[in-house]
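Only one structure is covered here, and it is reproduced in the block below.
Each reported figure results from applying straightforward, stated rules to the coordinates on display, with no laboratory input. What you see is a predicted model; the values in this text were computed from it and never measured. Note that each Cβ is placed from the backbone with ideal geometry, even for glycine, and that neighbours are counted across all protein chains shown.
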Amino acid sequence: MVLGGMSVEACRNAPQDTSTIVVGLADAARPAVVRVFGRGGLAQPSGSGFYIRGRHGKSLVVTNHHVIWGADDILIERNDGTTDTASIVGTDPSSDLALLSPRSNSASNSLSFGDDGSLHQGEWLVCIGSPIGLLNAMSVGILSARARVYGATLAAQKNVDHLFTEAALGPGSSGSPLLDMHGRVVGINVSITGSIRGLGVAIPSSLALGIIQDLELSGQSLHSTAGIDVIDRTDTKSQKSAFWVKSVTPGGPADLAQFRVGDQIVAVDGKRLLNVSDFQIRVFLAAPGSTLRVDIVRDGKPLSSTIHVQLVSAPDSTP
């Protein structure tokens, strides 16, 4: 018998095959995942983090800003139970990311980033972290959705789609890696949705990677805004996905560049957009004061000249 193009035998074998992959993935990834906790000051409850290789091979730890915010001292606990102190390389409250430098450079393993853009809804993802103090507990769940996180902890919440997963999270999971089935970091877990219990929210790797690189280089990451809201909807004539200007902030960069509601964005800096998030991430990660060249269609006709919009600093926000 065939169900939706998959035989019953394949359906029966899939869980076992997936389980084998997950076990191997977890065994390889656990040594790179740590518990992160602060002492003194306004130290927050413990969270999670993971080792990456920085420039020149240095071991660094990625976590959430809110995990280490207000602490006088920061410690990490490794998978083998040993602890180490860490200093702050840089933090970015707007994205709720932080980069730490452990005193010891002897990480036994590190994780690499993957492309969240290649994920499809329904794909299996793995989370390894320390919920409720359980060192390197693991959970598995599908990618439930991509959506903007209104009212959550991210200042970039209205600009970037985040990953929603059914992998079980709990207090202490913040900063833990969300892994694809190849063991690559495709998201960094940041919170649990308040409106839908059981769905975790993760910062996509496409957003996090650029910010982490900025933090390593300069200790901070500056963000920009264009003062524009873009939506994705099907063009009635071509029946293809198109990107339309939904609103323009009065007096903002897009307004000064003479964008209009209803304009269709075709390309940015000569490159066609993949999705709405592609545009919003480009703006958010661009340096304030930089200029984007935007090709648009207005009233069904391409404009004869490219619009240049000069970005301004996005307001910062501490979660």
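Quick notes on this structure:
- Length released on extending from Arg298 to Val261, taking residue separation times 0.36 nm less the Cα-Cα span: 12.4 nm
- Simple label model, 7 Å out from Cα along Cβ direction - Ser118 to Thr234, nm: 2.9
- Where labels lie 7 Å past Cα in the beta-carbon direction, separation of Asn109 and Asp27 in nm: 1.0
- FRET efficiency estimate (nearest 0.05) - Cβ-Cβ, Thr82 to Ser313, R0 45 angstrom: 0.60
- The tail of the calculated P(r) for segment 224-313 beyond 19 Å holds 31 percent of all Cα-Cα pairs.
- Chymotrypsin sites (Phe, Trp or Tyr not before Pro) restricted to segment 49-79 and DSSP loop, no more than 14 other C-beta within 10 Å: none
- Segment Arg53-Ala145, extension gain: residue separation times 0.36 nm, minus the distance between their alpha carbons: 30.2 nm
- Modelled spin labels at Leu274 and His182, positioned 7 Å past Cα toward Cβ, are 1.3 nm from each other.
- Protection proxy ranking of 117-127, 30-40 - average other beta-carbon atoms within 10 Å, highest first: 30-40, 117-127
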